[in-house]
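Asks: What follows is a single structure, and I will ask about it in a moment.
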Amino acid sequence: MTDLKNQILDEIIIEWVRNPGQSKDEFHRLKNNVYKNYDVEKPFASIEFISRYNELVKNWTIIANPEFQKLIRKRWVRSLSGVTVISLLTKFWWCPGKCVYCPTFEWLPKSYIPNEPAVQRAELNEFDPILQIHNRLRALEVTGHKIEKNDIRIIGGTWSVYPKAYQEDFIKATYDAFNTYDEMKENIEETDLGSERFASFKLKEWYKLKLSDSLEEAKKLNETSRCRIIWIAIETRPDWINPEEIARLRRYGVTRVEIWYQSTFDEINELNKRWHGNKESTYATKLLKNAWIKVVAHMMPNLLGSTPEKDKESLARVFDDQAFRPDELKIYPMVVTDKSELTEIWRNGWFQPYDDETLIDLTAELEAMIPEYMRLNRTYRDIPASEILAGSHVSNLRQIVEAKLKKKWIHLVDIRHREIKDKINIAANATMNIFDYEASDWKEFFMTFEDKEDRTIFSLLRLRLPFTPPASLDAQLPPQWGGLEGELYSLLPELKWAALIREIHTFWDQLSIWEAGSTFGQHLGFGKKLIEKAEEIAIENGYKKMAVIAGVWVRWYYEKRWYKLEWEYMVKYLT
Ligand code: SF4
């Protein structure tokens with residue numbers, strides 16, 4: 001039967017790839033016709049098509065066809081931003097915050113609740129990073145996703161308060177997991193994979209023998225591993241960001257930090273027991289940006305003491321006041337869940353969440369404010385409706401809001417809205433666009449390759465420059481850079497007086513590291529041209545040095561462009 005099944009699958013796949021440009025309906029028609037010819041009663045699963053397609057590409061019967069991959073891949077949007085996002089949850093730990101809305105379940109990290117999909121996956125894998133990654137990679141691979149370039153999101157309360165030994169082990173295990181994935185597949189029986197405790201135990205016994213001796217070794221191995229880490233994100237409180245913490249994050253390879261502003265009204269943060277204000281939020285933002293790290297800020301409308309008008313004012317300040325201006329944003333409206341202080345406040349009738357109509361109108365106004373250099377990642381936290389005691393259950397809030405804005409002819413300009421995703425803009429229409437703005441006292445250049453007609457973004461680069469470049473690289477730091485900022489540069493001397501490339505990102509479907517460019521996005525040379533332009537701007541502004549934070553795997557890319565590794569940064573001396 002296997003031979004016959006392969007023959008049927010081959011017939012469908014080969015027929016389809018030889019006649020490109022067909023619709024999804026035509027694919028279904030083709031399948032049904034072939035099934036009928038062979039009296040197939042039960043249609044084959046996508047996984048079977050994926051596995052057979054990979055086989056045909058491998059043995060050169062057909063050449064790789066991105067359109068076909070897209071057709072058979074499950075939830076293909078997962079890798080449309082050019083990388084595969086993998087969320088990892090840490091174990092239960094405390095948090096110095098006492099935020100009224102934050103639930104506490106003693107077996108979960110602070111602020112997480114049972115039944116959230118990421119929580120369930122982590123629980124099944126005993127919060128072990130290697131098991132979480134191996135099982136996730138396996139699930140993604142069998143459903144047709146590329147897993148060579150990975151964006152790791154470590155979630156679970158306040159990362160900075162976890163014991164340093166736990167942090168180090170967790171990060172090392174994360175690299176080890178990617179480095180050992182292929183070997184694990186060869187050594188562990190298919191039936192042993194999965195998330196059951198027994199399978200996990202077996203896997204654990206196996207991988208114990210495979211771990212590297214140190215974090216440095218694990219990172220080095222990842223530079224040549226098939227499955228590589230492009231970015232790592234953690235989440236933490238702004239008042240726990242300091243130079244020492246940043247230096248530690250850089251050693252771990254962290255490239256993005258999610259910090260919670262929640263509100264830009266100090267009195268509202270105080271009422272909600274955040275225990276930090278704007279002073280800490282803006283300081284953390286600046287230190288992170290100055291160390292190249294990308295800043296994702298969280299805002300929370302509907303906090304105690306707020307109103308829709310105040311929420312708008314609060315968010316407007318994030319854009320209007322240059323001391324904030326993060327790179328990305330998440331907007332999570334407050335909801336009431338069990339086991340938080342807010343649960344009692346709500347039960348006593350002292351808090352009433354906005355109704356759906358108010359929330360939709362408010363979110364529409366908030367989204368319309370977001371400037372072109374910022375990416376709005378989410379507008380709703382993925383909490384199962386069954387866990388929400390009060391507050392909106394509209395999980396597709398973003399779609400509703402955006403449909404509403406479209407009807408009013410309001411065009412959104414934030415990055416996520418303009419990423420190429422699965423659109424078919426032609427690369428030949430791309431033109432370079434440079435927008436500069438002040439952020440956390442320094443100058444930022446937001447550079448893109450975008451479609452000159454509809455402004456769809458193919459590729460972007462963020463460049464950060466101090467206002468007054470020094471005459472020589474040996475110059476002393478000016479007095480106003482004393483204190484904590486001076487400390488930052490003494491811990492990260494590679495960055496002193498350097499212009500910083502803080503992000504380079506080419507969108508569209510993920511290509512393997514060795515694949516040539518498609519018509520649309522990755523591997524077409526956009527990144528190279530943006531880097532060259534960024535170097536030109538830095539030189540014009542008097543800079544003699546450029547530093548790039550490069551995820552472990554991309555170092556080779558910069559080495560080709562005369563950058564050299566100085567601790568965790570790729571550095572080039574500009575002439
Ligand atoms: S800082 Fe975050 S994790 Fe800590 S209590 Fe507040 S919401 Fe919860």
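Rule-based calculations on the coordinates, nothing more; no lab input. Being a predicted model, the structure only gives us computed values, none of them experimental. A quick note on method: Cβ atoms are made from the backbone with ideal geometry, for glycine too, and the neighbour counts reach across all protein chains shown.
Asks: Please label the shape of the chain as rounded, prolate or oblate, based on the square roots a ≥ b ≥ c of the eigenvalues of the alpha-carbon gyration tensor (a/c under 1.5 means rounded; beyond that, a/b larger than b/c means prolate, else oblate).
Replies: Details: a/c = 1.43, a/b = 1.23, b/c = 1.16.
The shape class here is rounded.
Asks: Checking the cross-link filter: which aspartates and glutamates have an alpha carbon closer than 14 Å to that of Lys36, excluding same-chain neighbours under 8 positions apart?
Replies: Glu11
Asks: So what is the relative contact order of the chain, in percent, for Cα pairs below 8 Å that sit 6 or more residues apart?
Replies: 13
Asks: Sticking with this one: Run the simple label-point estimate for Asp474 and Ile426 please: 7 Å along Cα→C-beta, distance reported in nm.
Replies: Those two pseudo-labels are separated by 5.6 nm.
Asks: On a full-extension model of 0.36 nm per residue, what is the gain between Trp60 and Tyr437, subtracting their alpha-carbon distance, rounded to one decimal in nm? Write out the running numbers ahead of the final one.
Replies: Details: separation 377, 0.36 × 377 = 135.72 nm, distance 5.00 nm.
Full extension from Trp60 to Tyr437 adds 130.7 nm.
Asks: Then there is this: Quickly work out the Glu313-to-Lys406 label distance, labels modelled 7 Å from Cα along the C-beta direction, and quote it in nm with one decimal.
Replies: Rounded to a tenth, the inter-label distance reads 3.4 nm.
Asks: Greater than 22 Å separation of Cα atoms is the criterion. Which listed pairs, Lys310/Lys339; Lys219/Lys528; Lys164/Lys572; Lys5/Lys31; Lys219/Lys529; Lys24/Lys70, meet it?
Replies: Details: Lys310/Lys339 27 Å; Lys219/Lys528 25 Å; Lys164/Lys572 32 Å; Lys5/Lys31 13 Å; Lys219/Lys529 28 Å; Lys24/Lys70 10 Å.
Over 22 Å Cα-Cα: Lys310/Lys339; Lys219/Lys528; Lys164/Lys572; Lys219/Lys529.
Asks: Which are the unpartnered cysteines of the chain, meaning those with no other cysteine Cβ under 4.7 Å from their Cβ?
Replies: Lacking a cysteine Cβ partner under 4.7 Å: Cys95, Cys227.
Asks: Another one. Take Lys533 and Glu223, extend 7 Å from each Cα along the Cα→Cβ direction, and tell me the distance between the two endpoints in nm.
Replies: 3.0
Asks: Tell me, how many Å apart are the Cα centres for segment 255-273 and for segment 324-402?
Replies: So the two Cα centres are separated by 15 Å.
Asks: Next question. Work out the FRET efficiency for Gln399 and Lys210 from their Cβ-Cβ distance, taking R0 = 25 Å, and round it to the nearest 0.05.
Replies: 0.05
Asks: Rounded to the nearest 20 Debye, what is the dipole magnitude of the chain about its Cα centre when Lys and Arg each give +1 and Asp and Glu each give -1 at the C-beta?
Replies: 760
Asks: Using the Cα centre of the chain as origin and beta-carbon charges of +1 (Lys, Arg) and -1 (Asp, Glu), tell me which of Thr180, Trp260, Tyr283 is placed farthest towards the positive end of the dipole.
Replies: Going by the Cα projections, it comes out as Thr180.
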